[in-house]
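Here is the structure we will look at.
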Amino acid sequence: KQLFATNDAKTKVVKEAAVVEPAKKSWWNSAEWWGAMGALAGWGMSGAAIYDASLAGPELISLNMTSVLIVYSSLFARWAWVVTPRNMALCACHVSNVLAQSNQMRRALEYKTANGQEDQVTELIKSAGAAAA
């Protein structure tokens, strides 16, 4: 098949190219399939945080795990945004998880501060500051 380009109302042949039909990808090798499955699994984390925020007490929240989940979901939200094809479902579930985990962190810090566990709050702030530096 020939490809054409127009230049000043003249048509020039740019080059000859063979038309190759792309091989059909199986679901196993499909980025769209695995991206959708990752988003579905990611909603489990967000759902668990939202469920815990509405039904579980703040004394059960792990400051370390909540911190890790905030960082993890922040990184994967960014990755889902820049990957090609852009995976909006995966990005949305990780952004939702960052928000839900941030709420959990707020609840845990308020609880620990109100119940005389300021040392744990101070230690978390120091650790976060050291990690950021």
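The values are calculated or read from the model by the stated rules, or taken from the named source; none is laboratory data. This structure is a prediction, so every number in the text was calculated from the model and none was measured. Using ideal geometry, Cβ is built from the backbone for each residue, glycine included, and neighbour counts are taken over all protein chains shown. Areas reflect the complete protein model, heavy atoms only, side chains present, ligands, DNA and RNA absent. Shrake-Rupley method; radii C 1.70, N 1.55, O 1.52, S 1.80 Å.
Provide the gained length on full extension for the span V71 to E110, in nm with one decimal, where the gain is 0.36 nm per separating residue minus the Cα-Cα distance. Present the calculation step by step, with values, prior to reporting the outcome.
Details: separation 39, 0.36 × 39 = 14.04 nm, distance 2.04 nm.
Gain on extension, V71 to E110, equals 12.0 nm.
Once neighbouring chains are kept in place and the probe is 1.4 Å, which whole percent of the accessible area of region 25-75 is contributed by carbon and sulfur? Before the final figure, lay out each step's value.
Values: 2410 of 3340 Å².
Taking all protein chains in place, region 25-75 shows 72 percent carbon and sulfur surface.
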Test of understanding: extend the Cα→C-beta vector of N103 to 7 Å, then name every residue of region 21-54 with backbone N under 12 Å from that spot. 46-54
Once you place label points 7 Å from the Cα toward the Cβ at S54 and A92, how far apart are they in nm? 1.8 nm
